[in-house]
Each structure stands twice: as C-alpha cells, then as structure tokens.
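One structure is given below, encoded as structure tokens.
The values are calculated or read from the model by the stated rules, or taken from the named source; none is laboratory data. Values in this document were obtained by computation on a predicted structure and should not be read as measured data. Here the Cβ positions follow ideal geometry from the backbone for every residue, glycine too, while neighbour counts run over all protein chains shown. Protein only, heavy atoms only, side chains kept; ligands, DNA and RNA dropped before computing areas. Shrake-Rupley method; radii C 1.70, N 1.55, O 1.52, S 1.80 Å.
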Amino acid sequence: MSIIEIKGLSKSYKAGVDALENIDLSVEKGQIYGIIGMSGAGKSTLVRCMNYLERPTKGTVTVDGRELGKLTESELREERRQIGMIFQHFNLLYQKNVIDNISFPLRIQGKSKDEAYKRARELLKEIGMEDKEKAYPAQLSGGQQQRVAIARALTANPKILLCDEATSALDPKTTQSILELLKKINEQYGITIVIITHQMSVVTKICTNVAIISEGHIVEKGTVKEVFGNPKAEETKELLRYADFEIGIEGGLR
Ligand code: ADP
C-alpha cells in the first residue's frame, strides 16, 4: 500500500476556478518524490492537501492507510505528527533559541523540558550543529536555519517529511548541503520525502520519482529516469530547457 495515496483531488479557492483538478498521485514508502512546476501551478496547494492544512474540495488523501477527510480534528492533529513539514523561509520562532525551537513541538505535546532537550540534542548532532544550541535564528545563516527547521520537523519521528520550496532561498552550495542532509535522513530513517520545487537541479540531485504539474494538472509522472530520460509532455520538455540554463548558472557561467 502506498504511504500517500491521492485520488481524484480537486481544490478551488473560489467558485469555478480550480487550483488543482482531478489529481491522482501515489507515493511509496521510502521514495523521495519531487513535484515540480512553474510558479502558480498548484504545488503548494497540493503539498498542503497532503496534511490537510488545506482541505480538498473533492477527492481523497490517504496517509498510511488513514483517509484524512474521515478523521476528527483531534485524530487529524495526531496524524499530522507523522508528517513533518519544512518551508522556504524556515518559519522558526525568532524569539527562541535553537534548542527551544527544536524542542517546541514536543513541549506543546506536553513532554518535559528534560525529555524534549534530550531529543533536541540528538537531532542537533544529526544536523551537525551541537555547538549552536543557545544561538538565536537571527545569528544563523540560511542553511543553518533550514537545518534547525529540519530537526524541528523530525522531533516526533515522522514517517513523512514534506518540503515546500525548502531550498529556494538558499545559494547553490548550501542547497547541495541541505539536499545531502535530506538524503541522509531518507536513507537512515526510511522517511518518505515529498519535495515541492521549481528547481530542476533539486529533482535530478535527490529525487527517485517526479510529477510535473502545470495549471493544476499532473501532466507527467514516473521515476526521474523515465520522465527526464524520455520526456513526453511539452511542459516537461520546457522544464528541461530551463534546466540547462539553471545548470549553467550553478556551474558559474553567469
Ligand atoms: P505554486 O505553489 O505552484 O506556486 P499555489 O498552489 O501557491 O502554486 O497556487 C495555485 C493557484 O491557487 C494560484 O492561482 C494561486 O493564486 C491560487 N491560490 C493559492 N493559495 C490561495 C489562497 N489561499 N486563496 C486563493 N487562491 C489561492
């Protein structure tokens, strides 16, 4: 059974205009699934439907066998603990230091400070920032802030990590180091990762599978090898043309 199963999903924010229309998507356990498309294609809406931060207008989202639309609010809150999420602008608490940011989800679950700090310190080690526990987000680089956000998303040992443009605000070298961290997390803990991005390099560097989204529709999906090795949709071909340009920039040709 797929760990995320989306069937016939549509979402409209206003009557008659679909941000997403009739989406079917299956993500298998352990995959790193990239969802790529231009700005406004519906990527954020789709990823937010995966944990019901947005409620679909039609269709179903089933996570690890539980259909989210059938859950009560408290069951949904419980289920969301299994689904970590990170964002483009990190969304850290700027008045709290690093260890309090990472401990925060456990503290609001009612765990003691000692227990929450113990887990936070394990994660600090995992992200290579043991020496920064007392630092405040404003004292950290963007890459370090994203590492803290990743640690915070992992405190409750989620099965799934959703990444919404998580590297879009970072330079290429930092992007590379964050992608390596995500890959390590995927391999070490078997966490399934869904990555929303407009950057081809992100997909080609770490994703196993990819769906191309355009104007609220999935126009092509499959393994990265299949889709980019033999692109069928015009939108995929266009993304590949942009990718050459992007790789040019990353390679220092600008
Ligand atoms: P992407 O992440 O690919 O840039 P989005 O999912 O953010 O795309 O947006 C898809 C479409 O839905 C866009 O037309 C956008 O304007 C619209 N949209 C997104 N969020 C909202 C919202 N909260 N209210 C109204 N329209 C929205």
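Ordered by packing density, taken as the mean number of other Cβ atoms within 10 Å over each peptide's residues, highest first, how do 194-200, 7-13 rank? Each step should come with its number before you reach the end.
Details: 194-200: 23.1, 7-13: 15.9.
In decreasing order of mean packing, 194-200, 7-13 become 194-200, 7-13.
Once R0 is set to 51 Å, what does the formula 1/(1 + (r/R0)^6) return for the Cβ-Cβ distance between ARG241 and GLU67, expressed as a FRET efficiency to the nearest 0.05? Walk me through the numbers on the way to the answer.
Working: r = 39 Å, r/R0 = 0.77.
So, using R0 = 51 Å, E works out to roughly 0.85.
Would you work out if the chain is rounded, prolate or oblate? Take a ≥ b ≥ c from the square roots of the eigenvalues of the alpha-carbon gyration tensor; rounded if a/c is under 1.5, else prolate when a/b is larger than b/c, oblate otherwise. Write down the numbers at each step before the final one.
Numbers: a/c = 1.93, a/b = 1.23, b/c = 1.57.
Since a/c reaches 1.5 but b/c is at least a/b, the shape of the chain is classed as oblate.
Round to a whole number: what % of the accessible area of segment 134-233 belongs to carbon and sulfur, probe 1.4 Å? Could you put the intermediate results ahead of the total?
Details: 1990 of 3940 Å².
The nonpolar share, carbon plus sulfur, comes to 51 percent.
For the pair TYR94 and ILE108, how long in nm is the line joining their label points, each one 7 Å along Cα→Cβ?
Output for this residue pair reads 1.9 nm.
State to the nearest 20 debye the size of the charge dipole of the chain about its Cα centre, where the only charges are +1 on K and R beta carbons and -1 on D and E beta carbons. Please list the in-between numbers first.
Working: 36 positive and 34 negative charges, 137 e Å.
It comes to approximately 660 debye.
Quick one: pull the percent of accessible area on segment 25-77 belonging to carbon and sulfur, 1.4 Å probe, ligands and nucleic acids left out. Could you put the intermediate results ahead of the total?
On the way: 1050 of 2330 Å².
Its accessible area is 45 percent carbon and sulfur atoms.
For the pairs LYS134/LYS183; LYS159/LYS183; LYS7/LYS159; LYS132/LYS159; LYS159/LYS184; LYS113/LYS183, flag any whose C-alpha to C-alpha distance is greater than 22 Å.
Numbers: LYS134/LYS183 27 Å; LYS159/LYS183 14 Å; LYS7/LYS159 20 Å; LYS132/LYS159 27 Å; LYS159/LYS184 14 Å; LYS113/LYS183 30 Å.
Check vs 22 Å cut-off fails for LYS134/LYS183; LYS132/LYS159; LYS113/LYS183.
Show me 202-209, 72-79 ranked by packing, highest mean number of other Cβ atoms within 10 Å first.
Values: 202-209: 20.9, 72-79: 11.4.
For the peptides 202-209, 72-79, the packing ranking is 202-209, 72-79.
Let's test the formula: R0 of 41 Å, r as the Cβ-Cβ distance of ASP24 and SER177. What FRET efficiency results, to the nearest 0.05?
On the way: r = 34 Å, r/R0 = 0.83.
Working from the Cβ atoms, E equals 0.75.
Which of ARG55, ARG80, ARG241 moves most in a GNM of the chain, Cα contacts under 10 Å?
It is ARG241.
ILE4's amide H: which non-local residues (gap 5+, or another chain) put their own amide H closer than 5 Å, with H modeled 1.01 Å from N in plane and none for Pro or chain starts?
The answer is VAL27, ASP64.
May I ask you to give the solvent-accessible area per residue for segment 118-202, in square angstrom, as obtained with a 1.4 angstrom probe?
Details: 3390 Å² over 85 residues.
Ligands and nucleic acids excluded, the figure is 40 Å² per residue.
At 222 nm, what value in deg cm²/dmol follows for the chain if DSSP H runs of at least 4 each add -39500 (n - 2.57) and the sum is divided by all its residues, to the nearest 500?
Numbers: 9 runs with 101 residues, N = 254.
Mean residue ellipticity at 222 nm (helix-derived): -12000 deg cm²/dmol.
Using square roots of five times the C-alpha gyration tensor eigenvalues, list the equivalent-ellipsoid semi-axes of segment 120-178 in whole Å, biggest first. Provide the component values of the computation, followed by the final result.
Numbers: eigenvalues 61, 54, 17 Å².
Equivalent ellipsoid semi-axes, largest first: 18, 16, 9 Å.
Convert each backbone phi in segment 88-104 into a coupling constant with the Karplus relation 6.51 cos²θ - 1.76 cosθ + 1.60 (shift: θ = phi - 60°), then list the ³J(HN,Hα) values in order as whole Hz, x for Gly and Pro.
Result, rounded to whole Hz: 4, 9, 6, 6, 7, 8, 6, 8, 10, 7, 4, 5, 6, 4, 5, 6, 3.
In terms of solvent-accessible area of protein heavy atoms at a 1.4 angstrom probe, what is the ranking of TYR33, TYR189, highest value first? Walk me through the intermediate numbers first.
On the way: TYR33 10, TYR189 110 Å².
Sorted by accessible area, descending: TYR189, TYR33.
Rounded, prolate or oblate: pick one for segment 33-120, where a ≥ b ≥ c are the square roots of the eigenvalues of its C-alpha gyration tensor, a/c under 1.5 means rounded, and failing that, prolate if a/b is larger than b/c, else oblate.
Values: a/c = 2.80, a/b = 1.46, b/c = 1.92.
Because a/c hits 1.5 or more and a/b fails to exceed b/c, segment 33-120 counts as oblate.
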